[in-house]
Amino acid sequence: MLAIFKKSVVDPPKELQSPASLQSSNKAVSPEETMKDFLASNSNNGFSIGFMDKAFLAYSKPPSSSNAQQRLFCGLNGIYCIFLGSLNNLWALNKQYGLSKGTNEAMLVSEAYRTLRDRGPFPAHEVLKGLEGSFGFVIYDHKAGNVFVALGADETAKMFWGIASDGSVMISDSVDHIKGSCLKSFAPFPSGCMYHSESGLKSFEHPSYKMKAMPRVDSEGAMCGACFKVDVYSKVNSMPRVGSSANWANWGQQA
């Protein structure tokens, strides 16, 4: 999978940008060319969808081998989701949200996001901590123009994110899909964390602590985009109350 979000849509952590990308003798491939390459390499089972030069999502079915990680795509009511992995408690969550038995993980996560966006009955971190299994997902809310990304804490599912030469943010389950455009400005997406385009990067496993950037150097000695970890010595000021009328997306801004 491959997701591209223009800089007008997302504001990634500045530490994800590596100065080595600006100094590199290699010419960065444009995100558009990377998208074309992705589709060309998945010509039999891949597709992409674009949103007025703001966002692009590309998806391909996983290999048919028995050990391949599940990969799902869905679009419901202007909410588009690519989901990686699987949930052990899918049946119970479908019942909780009043969804049918045939609802898959991508549909469930989209509905959970919509519920948080529209009603905010619980903090986002509580909802994510209720997902049992190995998972990662990228959501683009076309109506609100927001991006929501999360990766499970068990470190089985993998995602990578980076900043392309034009300032776009690229996210993929394969680092090879983004390296050509991001050069050194990429890193693994941190496990147990969520990113929202309005509230930034947070840990849903440890929501009372801030995140800190950890410098990362590759085998060539070049500075790469930073990894991010929970800073156990830096707590947020307070956890806000969340009521039925609260906008969950503002949770990170209030904390």
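The values are calculated or read from the model by the stated rules, or taken from the named source; none is laboratory data. This one's a predicted model, so the numbers in the text were calculated from it and none came from an experiment. Quick reminder, even Gly has a Cβ in these numbers, built from the backbone with ideal geometry, and neighbours come from all protein chains shown. Heavy atoms of the whole protein, side chains included, go into the accessibility calculation; ligands, DNA and RNA do not. Shrake-Rupley method; radii C 1.70, N 1.55, O 1.52, S 1.80 Å.
Numbers below:
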quantity: Subset of K129/K158; K14/K229; K36/K158; K212/K235; K27/K158; K7/K202 violating a 21 Å alpha-carbon distance limit; calculated: K36/K158; K27/K158
quantity: Whole-Hz ³J(HN,Hα) from phi, Karplus 6.51 cos²θ - 1.76 cosθ + 1.60, for the range 213-219, glycine and proline x; calculated: 7, 10, x, 9, 10, 8, 5
quantity: Overall form of the chain per C-alpha gyration tensor (a/c, 1.5; a/b vs b/c); calculated: oblate
quantity: Integer Hz, Karplus 6.51/-1.76/1.60 couplings in order for the range 158-164, x for Gly and Pro; calculated: 10, 9, 10, 9, x, 10, 7
quantity: Nearby aspartates and glutamates by direct alpha-carbon distance to K179 (threshold 20 angstrom, same-chain neighbours under 8 apart not counted); calculated: D11, E15, E32, E33, D37, D166, D218, E220
quantity: Residue-level accessible surface for K212, protein heavy atoms, 1.4 Å, Å²; calculated: 80
quantity: Accessible surface, per residue, of the range 176-239 when the full set of protein chains is kept, probe 1.4 Å, Å²; calculated: 49
quantity: ³J(HN,Hα) computed for each position of the range 42-54 - Karplus, 6.51 cos²θ - 1.76 cosθ + 1.60, integer Hz, glycine/proline x; calculated: 10, 5, 8, 9, x, 7, 9, 9, x, 10, 6, 6, 9
quantity: Accessible surface of the range 18-94, 1.4 Å probe, proportion on carbon and sulfur as whole %; calculated: 51
quantity: With every protein chain in place, the range 140-207: carbon and sulfur % of accessible area (1.4 Å); calculated: 48
quantity: Average accessible area per residue (Å²) across the range 41-133 - probe 1.4 Å, nucleic acids and ligands excluded; calculated: 52
quantity: Residue of P63, P207, P19 that the Gaussian network model of the chain assigns the largest fluctuation, springs spanning Cα pairs under 10 Å; calculated: P63
quantity: Residue with peak Gaussian network fluctuation, the chain [Cα springs, cutoff 10 Å], from S64, S234, S181; calculated: S64
quantity: Summed side-chain charge close to D154 - residues other than D154 whose Cβ falls under 13 Å, Lys, Arg +1, Asp, Glu -1; calculated: -1
quantity: Candidates V236, V138, V169, ranked by Gaussian network fluctuation over the chain, Cα under 10 Å, top entry; calculated: V236
quantity: Rounded Å value of the spacing that divides the Cα centres of the range 85-123 and the range 129-163; calculated: 14
quantity: Environment charge of S110, counting only residues whose C-beta is closer than 12 Å and scoring Lys/Arg +1, Asp/Glu -1; calculated: -1
quantity: Under-5 Å amide H pairs with F228, H placed in peptide plane, nonlocal only; calculated: M214
quantity: Within the chain, helix-based [θ] at 222 nm, where runs of 4 or more DSSP H residues each add -39,500 (n - 2.57), nearest 500; calculated: -5500 deg cm²/dmol
quantity: Mean separation of Cα contacts under 8 Å, 6 or more apart, over the residue count of the range 2-235: relative contact order %; calculated: 24
quantity: Solvent-accessible surface (1.4 angstrom probe) belonging to S199, in square angstrom, nearest 10; calculated: 20
